[in-house]
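Q: After the structure tokens below, expect a handful of questions from me.
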Amino acid sequence: MQIVQKLVVSYDCLIKLLTTSFKDLFLLVSRLYISSIFFQSGWLKFENLLKGEWGHTLFLFREVHPVPFLPAEIAAVLGTAAEVVFPAVLAVGMFARLGALGLLGVTATITFGVHTHFTHVFWAFLLGVSVLFGPGKLSVDYWLRHWWDRRGI
């Protein structure tokens, strides 16, 4: 029985070490991963605007991936803005939960309004991690909170 107890204690120590050591790194990597997916998509649309080729983006929202209940012009502007702004704030971890919630909305729109794919469920899972657990210590949110708490306000 002593061997089992030692194994359980060793296992508990290992799990505690892993969760305390790698939690913030995991949160950072997952934030950066999901942010890069959305940001790349939004940036391509934004580049179309900069190059005077906004018609390509409008075509995408009219013909390829129409958003239900929204005119293509409005959907294109909202979708592009959401795919640029929300990933940026999530990646740096400033108002990260708000950014993750915004991207969850984008993911829900894609999944239920346009087309469903297992990948979208994975995206929603990663965004849910950010909403539930926050951005971790490797974020602007953490450093702002730490600075605010030190001021005693």
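The values are calculated or read from the model by the stated rules, or taken from the named source; none is laboratory data. Treat the numbers as computed from the prediction; the structure is a model and nothing was measured. With ideal geometry, Cβ positions are generated from the backbone for all residues, glycine too; neighbour counts draw on all protein chains shown. Just the protein is used for accessible areas: all its heavy atoms, side chains included, with ligands, DNA and RNA removed. Shrake-Rupley method; radii C 1.70, N 1.55, O 1.52, S 1.80 Å.
Q: Kindly indicate whether ILE110 is in a helix (DSSP H, G or I), under 21 Å from the mean Cα position of the chain (by Cα) and either over 19 Å from LEU27 (Cα atoms) or without any contact (Cβ under 8 Å) to a residue 12 or more places away in the chain (or both).
A: On the way: in a helix (DSSP H, G or I): yes; under 21 Å from the mean Cα position of the chain (by Cα): yes; either over 19 Å from LEU27 (Cα atoms) or without any contact (Cβ under 8 Å) to a residue 12 or more places away in the chain (or both): yes.
Judged against the criteria, ILE110 is a match.
Q: Of the residues ALA124, ALA108, ALA82, which single one is open to solvent by 30 Å² or more (accessible area, probe 1.4 Å) and either at pLDDT 95 or above or closer than 15 Å to TYR33 by Cβ (or both)?
A: Details: ALA108 fails: either at pLDDT 95 or above or closer than 15 Å to TYR33 by Cβ (or both); ALA82 fails: open to solvent by 30 Å² or more (accessible area, probe 1.4 Å).
Unique residue meeting the criteria: ALA124.
Q: For the stretch 52-108, enumerate the residues that are charged (D, E, K, R) and farther than 16 Å from VAL129 by Cβ. Please lay out each step first, then the result.
A: Filtering the stretch 52-108 for residues charged (D, E, K, R) gives 53, 62-63, 73, 83, 97.
Listed by number, the residues that qualify are GLU53, ARG62, GLU63, GLU73, GLU83.
Q: Still on this structure: Can you pull out every residue in the stretch 26-60 that is hydroxyl-bearing (Ser, Thr, Tyr) and either surrounded by 14 or more Cβ atoms within 10 Å (Cβ to Cβ) or in contact (Cβ under 8 Å) with a residue 60 or more places away in the chain (or both)?
A: Going through the stretch 26-60, the residues hydroxyl-bearing (Ser, Thr, Tyr) turn out to be 30, 33, 35-36, 41, 57.
Residues satisfying the conditions are SER30, TYR33, SER35, SER41, THR57.
Q: If you don't mind, another one. Condition first: among the charged types (D, E, K, R) and either surrounded by fewer than 15 Cβ atoms within 10 Å (Cβ to Cβ) or not in a helix (DSSP H, G or I) (or both). Now tell me which residues in the stretch 1-25 satisfy that. Before the answer, list the steps.
A: Step one: filter the stretch 1-25 for residues among the charged types (D, E, K, R), giving 6, 12, 16, 23-24.
Answer for the stretch 1-25, where residues must be among the charged types (D, E, K, R) and either surrounded by fewer than 15 Cβ atoms within 10 Å (Cβ to Cβ) or not in a helix (DSSP H, G or I) (or both): LYS6, ASP12, LYS16, LYS23.
Q: Filter the stretch 61-73 for residues that are farther than 14 Å from VAL106 by Cα and open to solvent by 50 Å² or more (accessible area, probe 1.4 Å) and give the result. Give the steps one after another, and end with the answer.
A: Of the residues in the stretch 61-73, the ones farther than 14 Å from VAL106 by Cα are 62-64, 69, 71-73.
The answer is ARG62, GLU63, VAL64, PHE69, PRO71, GLU73.
Q: Output the residues belonging to the stretch 127-152 that are assigned to a loop (DSSP other than H, G, I, E, B), closer than 13 Å to VAL92 by Cβ and open to solvent by 50 Å² or more (accessible area, probe 1.4 Å). Let's see the steps before the verdict.
A: So in the stretch 127-152, the residues assigned to a loop (DSSP other than H, G, I, E, B) come out as 134-139, 152.
Filter again for closer than 13 Å to VAL92 by Cβ, leaving 135-136, 138-139.
Within the stretch 127-152, LEU138 is the sole residue that qualifies.
Q: Hey, any hits in the stretch 61-73 for a residue that's in contact (Cβ under 8 Å) with a residue 12 or more places away in the chain, in a helix (DSSP H, G or I) and in contact with a Ser or Thr (Cβ under 8 Å, 6 or more places away or on another chain)?
A: No, because not a single residue in the stretch 61-73 is in contact (Cβ under 8 Å) with a residue 12 or more places away in the chain, in a helix (DSSP H, G or I) and in contact with a Ser or Thr (Cβ under 8 Å, 6 or more places away or on another chain).
Q: Got a number for residues in the stretch 92-105 being hydrophobic (A, V, I, L, M, F, W, C), under 12 Å from PHE38 (Cβ atoms) and open to solvent by less than 30 Å² (accessible area, probe 1.4 Å)?
A: Kept after step one, since they are hydrophobic (A, V, I, L, M, F, W, C), are these residues of the stretch 92-105: 92, 94-96, 98, 100-101, 103-104.
So of that shortlist, the ones also under 12 Å from PHE38 (Cβ atoms) come out as 100, 103-104.
In the following step, the residues that additionally are open to solvent by less than 30 Å² (accessible area, probe 1.4 Å) were identified as 100, 103.
Residues in the stretch 92-105 being hydrophobic (A, V, I, L, M, F, W, C), under 12 Å from PHE38 (Cβ atoms) and open to solvent by less than 30 Å² (accessible area, probe 1.4 Å): 2 in total.
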